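Enquirer: Take a look at this one; I'll ask things after.
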Amino acid sequence: GILAEESNLGDLAFLTVNSGIYFMTVYGMLIKDHDELLGFFALVLAVIHLCVAYVSFTSTTRDRRLNLFLVGVAVVFLTIAVPLQLSGYWVSLSWLIEAVVLIAIGSYLREQVLQAFGWILYVLGMVSVFEDVARIRYANSFSWNTTEIAHITPFFNSAFIMLVIAIIATYAIGYCYVQMKASTDWKKLFGVMIVVANLLTLIAVTTEISLNYDQRIRELDVQAQKATNMVVNYRGTNVQLQPQNQVMDTREEKRALENQKTTVQSIFWTLYAILLLSLGFMKRIRSLRVGGLILIFLTAFKGFLM
């Protein structure tokens, strides 16, 4: 039947403690021999709390605090389930997708709590994405003292793909606020997401350009190191080291590649700034116009320093 009175903080605290104790108890039972079921168990708890929230909402709309609290507990268990059941890059991607869904639903229902949960997951997902990208870059790097290179294809690697998905999620959140207009500050939120998405785009493309030229520079160093080792170890005799002219050639080639990298990055920044300014004036989006002007200034300043 319809509840006679709304839930108080004591009731919500009891639900929290009860759910927490139950989860930790079963977690302790499964962790030793059935750790592969931990994520599935957390997911089941999330579904149960969502079902209870639905029953509570259909029974009474008066107890808004309880309805939102049950949804919040479900979101917490769903967030816990992701890293428990999945691994690697799927954790980051799942959190970003969950963030977009929560913000979209929260915007549609005009529920600030759901949007807040979505923003928390968005931040967690972005932090996790950058950790994964750094791990990929580190795993594929090499020591300057070795002669082996782990080559990455620029723009066709998992790190770049993860950044692209983060960009898409950012644009999707901005689109939700434009379509739903769920907040009085929706224009500001949309502007913030546009800025973040463009910063991510700049980071993604600029780092891929750097990756391409840095790998070519490192290949020169490795080749030079191999040539030096061959000269030093030839027939076991300690003859003179790598010829001076070959060292100078390597340095010149490296310097040329560094200049090419800087030039290509500057060209990309300039073209991207022109694109931002054009879209900003066409769509009357102030954040794009300001971003384009700032990027042009940074490009000119970078060129001045070089």
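Enquirer: Report the extension gain between Thr184 and Asp11 in nm, rounded to one decimal, defined as 0.36 nm multiplied by the number of residues separating them, less their alpha carbon distance.
Expert: Using 0.36 nm per residue and subtracting the Cα-Cα distance, I get 59.1 nm.
Enquirer: Something else: Sort Thr206, Thr270 by heavy-atom solvent-accessible area, probe 1.4 angstrom, most to least.
Expert: Thr270, Thr206
Enquirer: If you stretched the chain out fully between Phe301 and Ser158, how much longer would it get, using 0.36 nm times the residue separation minus the C-alpha to C-alpha distance? The partial results should precede the final answer.
Expert: On the way: separation 143, 0.36 × 143 = 51.48 nm, distance 3.20 nm.
Gain on extension, Phe301 to Ser158, equals 48.3 nm.
Enquirer: From largest accessible area down, sort Lys32, Lys254, Lys283, Lys261; use a 1.4 Å probe on the protein chains.
Expert: On the way: Lys32 170, Lys254 60, Lys283 135, Lys261 30 Å².
The residues order as Lys32, Lys283, Lys254, Lys261, largest area first.
Enquirer: For an R0 of 41 angstrom, estimate the FRET efficiency from the Cβ-Cβ distance between Gln260 and Lys283 and round to the nearest 0.05.
Expert: 0.75
Enquirer: Would you kindly find the accessible area of Ser158, with a 1.4 Å probe and non-protein molecules such as ligands, DNA and RNA excluded, rounding to the nearest 10 Å²?
Expert: Near enough 50 Å² of accessible area.
Enquirer: Here's something else I'd like to know. Give me the one-decimal nm value for the distance between modelled label points at Asp221 and Val123, 7 Å along each residue's Cα-to-Cβ direction.
Expert: In this crude label model, Asp221 to Val123 measures out at 3.7 nm.
Enquirer: Separate question: At a Förster distance of 30 Å, what's the computed FRET efficiency of Tyr54 paired with Glu131, Cβ-Cβ distance as r, to 0.05?
Expert: For R0 = 30 Å, the calculated efficiency reads 0.30.
Enquirer: Right, another one. Just how much of Arg65 is accessible, in Å², when a 1.4 Å probe is used and the result is rounded to the nearest 10?
Expert: That residue has around 120 Å² of solvent-accessible surface.
The values are calculated or read from the model by the stated rules, or taken from the named source; none is laboratory data. Only a predicted model underlies this, so the values are computations on that prediction, with no experimental measurement involved. Because the Cβ atoms are built from the backbone with ideal geometry, glycine has one as well, and the counts that use them run over all protein chains shown. SASA here: full protein model, heavy atoms, side chains in, ligands and nucleic acids out. Shrake-Rupley method; radii C 1.70, N 1.55, O 1.52, S 1.80 Å.
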